[in-house]
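Only the coordinates and a few stated rules stand behind these numbers; no lab work does. This is a predicted model, so every value here is computed, not measured. Methodologically, a virtual Cβ is constructed for each residue, glycine included, from the backbone with ideal geometry; neighbour enumeration extends over all protein chains shown.
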Amino acid sequence: MTASHLLVPVPIPDRIAALIGSCIPPHILEAEFDAERAAREVRRFRGPRLGVEDQADREQALSELARANKVLSAHHPRLAVRPGSSW
């Protein structure tokens, strides 16, 4: 029995990543990239005092993240991306 906190992440060779990517539908891959980008944007706009424009940008990023997560969750529920998640 292995503990999840003891697992070490191992890099995946590019050829293997391409093979895995070729098995996933293109709209799912696109949604994954969109979700990751939106999650980075949401993390960028953190803090107690955001200006009006920053709040609007954060809301836009949250909207894009929700839209991409809807597509990802329809494919598989564990694919959803959170702003604070590492992957």
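Things worth noting here:
- Springs join every pair of Cα atoms under 10 Å in this Gaussian network model of the chain, and among Asp14, Asp57, Asp34 the largest mean-square fluctuation is at Asp14.
- Listed values (i) -1.15, -1.34, -1.48; (ii) -0.94, -1.03, -1.10; (iii) -0.78, -0.95, -1.14, entry calculated as log10 I(q)/I(0) by the Debye sum over Cα atoms at q = 0.19, 0.21, 0.23 Å⁻¹: (ii)
- A crude spin-label estimate for the pair Asp57 and Ser22, with each label 7 Å from Cα along the Cβ direction, gives 4.0 nm.
- Per-residue HN-Hα couplings for the range 40-55 [Karplus 6.51, -1.76, 1.60; θ = phi - 60°; Hz; x = Gly/Pro]: 5, 5, 4, 5, 5, 9, 10, x, x, 10, 9, x, 4, 5, 5, 5
- In percent, rounded to a whole number, the relative contact order of the chain is 32, using alpha-carbon pairs under 8 Å and six or more apart.
- For the chain, size of Cβ-based charge dipole, Lys and Arg +1, Asp and Glu -1, in debye: 300
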